[in-house]
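One structure is given below, represented as structure tokens, and several questions about it will come after.
The values are calculated or read from the model by the stated rules, or taken from the named source; none is laboratory data. Nothing here was measured: the structure is a model prediction, and the numbers come from that model. All Cβ positions, even for glycine, are placed from backbone atoms using ideal geometry, and neighbour counts span all protein chains on display. For accessibility, only protein heavy atoms count, side chains too; no ligands or nucleic acids. Shrake-Rupley method; radii C 1.70, N 1.55, O 1.52, S 1.80 Å.
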Amino acid sequence: MATTSADLVNLSSMDQKAFTSLVSRSSKASQADIQGVWTTISTLLGRASATPVFIPISQAVVAQNSTPPPAVEASLAGLTSAAHEAATAILCGSILGGKSSESDEFGDYGIFLGELDVLDGVGSDEEKAAKFLKALGLERWLDNSE
């Protein structure tokens, strides 16, 4: 079933308990994985200029209130699930964070940027990175003074 705008969750009005409850009901992720994802999202997107939006069933943050096509959402859900399983297998919280990520600290989640042409070969790496960060509301990371 395709995700609709009704399936998107505005994270700015959600606390950790509500997030954990929502994701527990709609995904197969463990409580530890859900806690890690909450910590990661809060840390990375907590001060984003755009409101972070989340799809609980696929554990993915989406940019610009877009919704991924069903095949993309299924891929995001599969990749996120595989990341959680791989992290558990090596006793860490995030497969991307590696062994330095304690099992109860951070967790991996998917990101869908919509129709953003970040990797279309046009522009410098810095310009592509700026597009990517702006799509997530993280343009403040482009400011070297922070």
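So L91 clears everything in (1) of a type in the set (A, V, I, L, M); (2) surrounded by 13 or more Cβ atoms within 10 Å (Cβ to Cβ); (3) not in a helix (DSSP H, G or I) except one condition, right? Which one?
(2)
Considering only region 25-40, state which residues are under 14 Å from A83 (Cβ atoms) and among the hydrophobic types (A, V, I, L, M, F, W, C).
Keep residues of region 25-40 that are under 14 Å from A83 (Cβ atoms), which gives 27-30, 32-34, 36-37, 40.
A29, A32, I34, V37, listed by residue number.
How do the pairs read when you match residues in region 71-88 that are open to solvent by less than 30 Å² (accessible area, probe 1.4 Å) with residues anywhere that are assigned to a helix (DSSP H, G or I) and acidic (D, E), using Cβ under 7 Å and keeping only pairs 6 or more apart or on different chains?
Going by the 7 Å Cβ cut-off, the qualifying pairs are H84/D33.
Also, quick follow-up: So for region 45-63 (the condition being modelled with pLDDT under 75, of a type outside the set (F, W, Y) and in contact with a Ser or Thr (Cβ under 6 Å, 6 or more places away or on another chain)), does at least one residue qualify?
Looking through region 45-63, at least one residue is modelled with pLDDT under 75, of a type outside the set (F, W, Y) and in contact with a Ser or Thr (Cβ under 6 Å, 6 or more places away or on another chain).
In addition: Just one of (1) surrounded by 15 or more Cβ atoms within 10 Å (Cβ to Cβ); (2) modelled with pLDDT of 75 or more; (3) out of contact with any Ser or Thr (no Cβ under 7 Å at 6 or more places or on another chain) trips up S66, so point out which.
For S66, the exception is condition (2).
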